[in-house]
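Before any comments, here is the structure.
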Amino acid sequence: MLNFSKQYEYYKQMTEEYLLDVIRKNKKNDSYYSALTDAVEYSLMAGGKRIRPVMLLAACEMAGGTPDHALPFAAAIEMIHSSSLIHDDLPAMDDDDLRRGKLTNYKVFGEVTVILAGDAQLVLPFEIMAAAAVTAKDVSAMLILAKHAGIHGMFGGQQIDLAYEGKQADEKVIVQLNRLKTGALFRAAVCAGIAVGSGTEEQILAGDQYGENIGLAFQLVDDLLDNDPNANTGKTKGSDLKQNKSTYLSVYGEKKSRQLIQTCTAQAEQALRKTFGEKADFLVALAGQLQSRNQ
Ligand code: GRG
């Protein structure tokens, strides 16, 4: 029987050990740019939940692959995520002082180093994956990650987010913004995981539906937590409101947001169950956990 917490911890720990190893390999004692590796280490080891790499590893196993083979791809998606967070916290973007309960990278290292540390965490993943890729499916996983992170994925979402700051955005804009900014990396995690596990196109499609729905539910929960004084987000509370941002919460209100979280979670679960049956146990349980998270 599935022991969800134990399995989550196992995936999380193997990701963190791999990330530490990557950091160690990239430290050069005699360099004049050690601030850069220090900033990368600070952001990668600042205690995130590691949801995306855990999802990727679980999706690989669900499709019949081994977590060991998927590990470089899992570490890669966490680096891409981490890179987006440290850029997002810059004064030119969301200008935040706190992330995961700690000072943001730019508060510790300054803007210049953080811009470079974010860029480095965007290039390093592709170096790691290219070095690890052995099958055509591994290469297709790299493509999935690149596409979902890029212009028509997370970057595009961030562009909409910043362009609409202080302006009223309607439902259509809010849906596209969040689908790209937050949802794209969840889709990438599941689809890339299934690809490195040598899953079929039909299986990747089911993973995509799961990722799409999880992404939507995740952002809906995030918006609720941003307004909940008891939530443990490790970030400055009410920042969306302060920056005059339109969110799912401002468009749908609390009641509809909560209903949508339930509907999307159920749809995510069904998409995987139909294709993977019992093998989807972990990711189905993860969907349930994310729905009721408070951090
Ligand atoms: C340079 C890669 C790069 C990107 C530039 C800045 C940017 C474009 C995009 C920002 C995207 C962004 C901040 C999305 C927010 C997604 C989100 C809900 C993050 C919180 O995820 P959690 O809760 O965080 O998984 P932890 O701290 O647990 O890792």
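Mind listing just one residue for me: the one in the range 118-145 that is under 19 Å from GLY199 (Cα atoms) and within 16 Å of the ligand (Cβ to nearest atom) and, of those, surrounded by the fewest Cβ atoms within 10 Å (Cβ to Cβ)?
So the residue we want is MET142.
Can you go through LEU283, LEU272 and tell me which one is touching a residue at least 60 places away in the same chain (Cβ under 8 Å), away from the ligand (no atom under 16 Å from the Cβ) and either within 19 Å of the chain's Cα centre (by Cα) or closer than 15 Å to MET55 by Cα (or both)?
After applying the criteria, what remains is LEU272.
Please tell me if LYS147 is over 21 Å from PRO72 (Cα atoms) and modelled with pLDDT of 95 or more.
So LYS147 does not fit the description; no.
State all residues of the range 21-53 that are within 16 Å of the ligand (Cβ to nearest atom), part of a helix (DSSP H, G or I) and within 22 Å of the chain's Cα centre (by Cα); if no residue qualifies, say none.
ALA39, VAL40, GLU41, TYR42, SER43, LEU44, ILE51, ARG52, PRO53
Can you find a residue that is more than 16 Å from the ligand (Cβ to nearest atom) and over 18 Å from SER257 (Cα atoms) anywhere in the range 146-166?
yes
Identify, please: which residue in the range 38-76 is among the hydroxyl-bearing types (Ser, Thr, Tyr) and surrounded by 18 or more Cβ atoms within 10 Å (Cβ to Cβ) and is, among those, farthest from THR200 (Cα to Cα)?
Ranking the candidates gives TYR42 first.
Being of a type outside the set (Val, Ile, Thr), within 17 Å of ASP38 (Cα to Cα), in contact (Cβ under 8 Å) with a residue 24 or more places away in the chain and within 14 Å of the ligand (Cβ to nearest atom) is the filter here, so list the residues in the range 100-117 that pass it.
LYS102, ASN105, LEU116, ALA117
When the range 77-96 is examined, which residues are found to be away from the ligand (no atom under 12 Å from the Cβ) and crowded, with 22+ Cβ neighbours inside 10 Å?
none
Might you let me know whether the range 213-229 holds any residue that is in contact with a Cys (Cβ under 6 Å, 6 or more places away or on another chain) and over 24 Å from GLN262 (Cβ atoms)?
Looking through the range 213-229, none of the residues is in contact with a Cys (Cβ under 6 Å, 6 or more places away or on another chain) and over 24 Å from GLN262 (Cβ atoms).
Collect the residues in the range 82-121 that are farther than 15 Å from VAL40 by Cβ, assigned to a helix (DSSP H, G or I) and under 17 Å from the mean Cα position of the chain (by Cα), keeping them in residue-number order.
The answer is ASP88, and nothing else.
Mind checking which pairs have a first residue in the range 228-254 that is under 15 Å from ILE174 (Cβ atoms) and touching a residue at least 12 places away in the same chain (Cβ under 8 Å) and a second that is of a type in the set (Val, Ile, Thr) and assigned to a loop (DSSP other than H, G, I, E, B), Cβ under 6 Å, 6 or more apart or different chains?
Within 6 Å, the pairs are ASP240/THR247.
Return the residues of the range 122-140 that are in a helix (DSSP H, G or I) and either among the β-branched types (Val, Ile, Thr) or within 14 Å of ILE80 (Cα to Cα) (or both); say none if nothing qualifies.
Of everything in the range 122-140, those that are in a helix (DSSP H, G or I) and either among the β-branched types (Val, Ile, Thr) or within 14 Å of ILE80 (Cα to Cα) (or both) turn out to be LEU122, VAL123, LEU124, PRO125, PHE126, GLU127, ILE128, MET129, VAL139.
Pick from THR236, THR247: which is surrounded by 17 or more Cβ atoms within 10 Å (Cβ to Cβ) and within 21 Å of the chain's Cα centre (by Cα)?
Selected residue: THR247, the only one of THR236, THR247 that is surrounded by 17 or more Cβ atoms within 10 Å (Cβ to Cβ) and within 21 Å of the chain's Cα centre (by Cα).
Only residues that are farther than 18 Å from ALA59 by Cβ and crowded, with 18+ Cβ neighbours inside 10 Å: list them for the range 265-295, please.
Within the range 265-295, GLN291 is the sole residue that qualifies.
The values are calculated or read from the model by the stated rules, or taken from the named source; none is laboratory data. In this text, all values refer to a predicted model and were calculated from it rather than measured experimentally. Positions of Cβ are backbone-derived with ideal geometry, glycine not excepted, and every protein chain shown enters the neighbour counts.
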